[in-house]
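K.L.:
Have a look at this one.
The values are calculated or read from the model by the stated rules, or taken from the named source; none is laboratory data. Every value quoted in this text rests on a predicted model; they were computed, and no experiment measured them. Every residue, glycine as well, gets a Cβ built from its backbone with ideal geometry; the counts of neighbours run over all protein chains shown. Heads up: the accessible areas ignore ligands, DNA and RNA and are worked out on the full protein's heavy atoms, side chains in. Shrake-Rupley method; radii C 1.70, N 1.55, O 1.52, S 1.80 Å.
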Amino acid sequence: QVQLVESGGGLVQPGGSLTLSCAASGSIVSINRMTWYRQAPGKQRELVAAITTAGSTSYADSVKGRFTISRDNAKNTVFLQMNGLKPEDTAVYYCNVRAKVEFYRPFTDYWGQGTQVTVSS
């Protein structure tokens with residue numbers, strides 16, 4: 001129904017930058033909120049940043065001022081620009097898309113496969 005493909009993860013030194021992207025494809029009628037989560041080893045998954053269809057954004061306190069979420073509605077793609085990366089940002093990052101695949105059906109959450117971000121010198 002809806003497939004999410006994430007890209008952009010990798011190894012970066014402290015203070016460096018990475019940009020993650022997540023492209024949604026399939027029988028999509030409408031997309032509502034698009035969100036990035038992350039999960040570090042031994043920790044619960046946490047919300048990093050979210051963006052609505054209208055472009056309103058919200059961020060976890062730990063990433064405010066360093067990360068920027070954006071979306072391209074025409075391409076059903078969400079981005080996460082990460083600057084000033086710290087070792088504590090190391091985690092698997094997942095995108096979540098709330099989408100409809102049929103007009104009369106409710107919105108459903110779909111998840112990407114995750115992309116590893118490692119911040120280390």
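K.L.:
Look through segment 53-65, keep the residues that are open to solvent by 60 Å² or more (accessible area, probe 1.4 Å) and not hydroxyl-bearing (Ser, Thr, Tyr), and return whichever of them is farthest from LYS86 (Cα to Cα).
P.N.:
Result: ALA54.
Rundown of residues vs (1) surrounded by 12 or more Cβ atoms within 10 Å (Cβ to Cβ); (2) under 12 Å from the mean Cα position of the chain (by Cα); (3) not basic (Lys, Arg), yes/no style:
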{"position": "GLY16", "(1), (2), (3)": "yes, no, yes"}
{"position": "SER25", "(1), (2), (3)": "yes, no, yes"}
{"position": "ILE31", "(1), (2), (3)": "yes, no, yes"}
{"position": "LYS43", "(1), (2), (3)": "no, no, no"}
{"position": "ILE51", "(1), (2), (3)": "yes, yes, yes"}
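K.L.:
OK, next. I need every pair where a residue in segment 34-48 that is within 16 Å of ASP61 (Cβ to Cβ) has its Cβ under 8 Å from the Cβ of a residue that is open to solvent by 90 Å² or more (accessible area, probe 1.4 Å) and in a loop (DSSP other than H, G, I, E, B), sequence separation at least 6 or different chains.
P.N.:
TYR37/ARG45; ARG38/ARG45
K.L.:
While we're looking at this one, here's another question. Condition first: in contact (Cβ under 8 Å) with a residue 60 or more places away in the chain and open to solvent by 60 Å² or more (accessible area, probe 1.4 Å). Can you find one or more residues in segment 66-80 that meet it?
P.N.:
Yes - at least one qualifying residue is present in segment 66-80.
K.L.:
Please return the ranges of strands (runs of 3 or more DSSP E) entirely within segment 22-83 where 2 or more residues are at pLDDT 95 or above and of a type in the set (Ser, Thr, Tyr).
P.N.:
Of the strands (runs of 3 or more DSSP E) lying wholly inside segment 22-83, those with at least 2 residues that are at pLDDT 95 or above and of a type in the set (Ser, Thr, Tyr) span 30-39, 57-59, 67-72.
K.L.:
Another question, if that's okay. Identify all residues within segment 63-90 that are on the phi > 0 side of the Ramachandran plot and either touching a helix residue (DSSP H, G or I) at 6+ places or on another chain (Cβ under 8 Å) or of a type in the set (Gly, Ala, Ser) (or both); write none if there are none.
P.N.:
GLY65, GLY84
K.L.:
Given the conditions (1) charged (D, E, K, R); (2) in contact (Cβ under 8 Å) with a residue 12 or more places away in the chain; (3) farther than 20 Å from ALA24 by Cα; (4) open to solvent by 20 Å² or more (accessible area, probe 1.4 Å), and given that LYS100 satisfies all but one, which numbered condition is not satisfied?
P.N.:
Condition (3) is where LYS100 drops out.
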